1. Among the residues of region 48-78, which ones are among the small types (Gly, Ala, Ser) and in a strand (DSSP E or B)?
2. For region 157-177, indicate whether the set of residues that are in a helix (DSSP H, G or I), touching a Ser or Thr at 6+ places or on another chain (Cβ under 7 Å) and either closer than 30 Å to residue 215 by Cα or among the β-branched types (Val, Ile, Thr) (or both) is non-empty.
3. Quick one: count up the residues across region 115-164 that are more than 28 Å from the chain's Cα centre (by Cα) and aromatic (Phe, Trp, Tyr).
4. So, residue 223, is that one assigned to a helix (DSSP H, G or I), touching a Gly at 6+ places or on another chain (Cβ under 7 Å) and not polar (S, T, N, Q) or not?
5. Anything in region 79-100 that is of a type outside the set (Phe, Trp, Tyr), over 19 Å from the mean Cα position of the chain (by Cα) and in a helix (DSSP H, G or I)? List them, or say none.
6. Among the residues of region 80-102, are any modelled with pLDDT of 90 or more and within 18 Å of residue 126 (Cα to Cα)?
7. Which one is farthest from residue 196 (Cα to Cα) among residues in region 101-126 that are in contact (Cβ under 8 Å) with a residue 60 or more places away in the chain, assigned to a helix (DSSP H, G or I) and out of contact with any Ser or Thr (no Cβ under 8 Å at 6 or more places or on another chain)?
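The values are calculated or read from the model by the stated rules, or taken from the named source; none is laboratory data. Nothing here was measured: the structure is a model prediction, and the numbers come from that model. Glycine also receives a Cβ, built like all others from the backbone with ideal geometry; neighbour counts cover every protein chain displayed.
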Amino acid sequence: MTTLAEAPQAPEKPPARPRAQERSAAWRRRAPLLPALIFTIAVTQIPFLVTVFNSFQSWNMVRPGSQHFVGFDNYVDVFTDSVFLQALLNTVTLTVVCVFVAMLLGLGLALLLDRAFLGRGIVRTLLITPFLILPAAGALLWKTTMFDPSYGLLNWALGIEVDWLSDYPLAAVMAQITWQWTPFMMLLILAGLQAQSREVLEAAQVDGAGRWRTFVSITLPQLSRYLQLAVLLGAIYIVNSFDAIYLMTQGGPGTASTNLPYYIYQRAFEGFDVGQSSAMGVVVVIMTLIVATFALRLMFRTFDVSRGVK
């Protein structure tokens, strides 16, 4: 019979780490990141705060001494500006059409590349190439090679004489941007296709499901998150398109192809209106942040980075 003194003793718990030591260790781990954090704040947040401050000022650099506080008058003028509203409509149209068409083309190309055939690696490399070209170079390539009214390849192939950049400026810009971003959509969707369970696809074939039935019932639900991710990420980048419009149409004729980034550029660097261009920039940043928030939430949910995000 063991006595109380002979009973096994529970192992002593190590002394709790002082809170000051834990805090010091946390700072030591984060200290190497501080220079990058400070640089990021200095490069991004300080200019944005200056832009917000300028958006409440009436300031045209052509008139020295004209700077004074006007409150929200610039924002009121922005939303009553017919050119801004036209640029907003062009931006939404450009973004929706380019994302939708690029997603459909990317889906078709991804389905093609998901199959084994001779030369698939070469074809995949060639299809990715447009995304690797600088946007400015791609815009100049389409302007001089595809849409030129005298010796453009498009007029030669169709056997017509059309000045695409004058008659259909927004459609021409959409074609170039869609060509540029289709490989991005293709890569995301191809990743989703290759993440499918081959056992499930083989089971569907054994059960007698045809290709269309397998695609609608198995493949498409599997791709839904990747399609949503492609749409949201594509929208974030395409809504800020500037190179194609500046180099191909200069926003014209008139304001037919002017989008928000190009109109802000015009007001700031051609009209020298710091106040209103800053207000427009703040509005565009807020709109982009709204879209980016949904994109980040979808990314976390898609790749299971954070289980708390819904």
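1. Step one: filter region 48-78 for residues among the small types (Gly, Ala, Ser), giving 55, 58, 65-66, 71.
58 - this is the single residue of region 48-78 that is among the small types (Gly, Ala, Ser) and in a strand (DSSP E or B).
2. Yes: region 157-177 contains one or more residues that are in a helix (DSSP H, G or I), touching a Ser or Thr at 6+ places or on another chain (Cβ under 7 Å) and either closer than 30 Å to residue 215 by Cα or among the β-branched types (Val, Ile, Thr) (or both).
3. Here the count works out to 3.
4. Details: assigned to a helix (DSSP H, G or I): yes; touching a Gly at 6+ places or on another chain (Cβ under 7 Å): yes; not polar (S, T, N, Q): yes.
It is true that residue 223 is assigned to a helix (DSSP H, G or I), touching a Gly at 6+ places or on another chain (Cβ under 7 Å) and not polar (S, T, N, Q).
5. Step one: list which residues in region 79-100 are of a type outside the set (Phe, Trp, Tyr), which gives 80-83, 85-99.
Among the residues that remain, those that are also over 19 Å from the mean Cα position of the chain (by Cα) are: 80-83, 85-86.
82, 83, 85, 86, listed by residue number.
6. For region 80-102, residues modelled with pLDDT of 90 or more and within 18 Å of residue 126 (Cα to Cα): present.
7. Just the residues of region 101-126 that are in contact (Cβ under 8 Å) with a residue 60 or more places away in the chain, to begin with: 101-103, 105-107, 109-111, 113-114.
Adding the requirement that they be assigned to a helix (DSSP H, G or I) leaves 101-103, 105-107, 109-111, 113.
When the remaining residues are screened for being out of contact with any Ser or Thr (no Cβ under 8 Å at 6 or more places or on another chain), the result is 103, 107, 110-111, 113.
Details: 103: 19, 107: 15, 110: 13, 111: 12, 113: 14 Å.
In this case the residue turns out to be 103.
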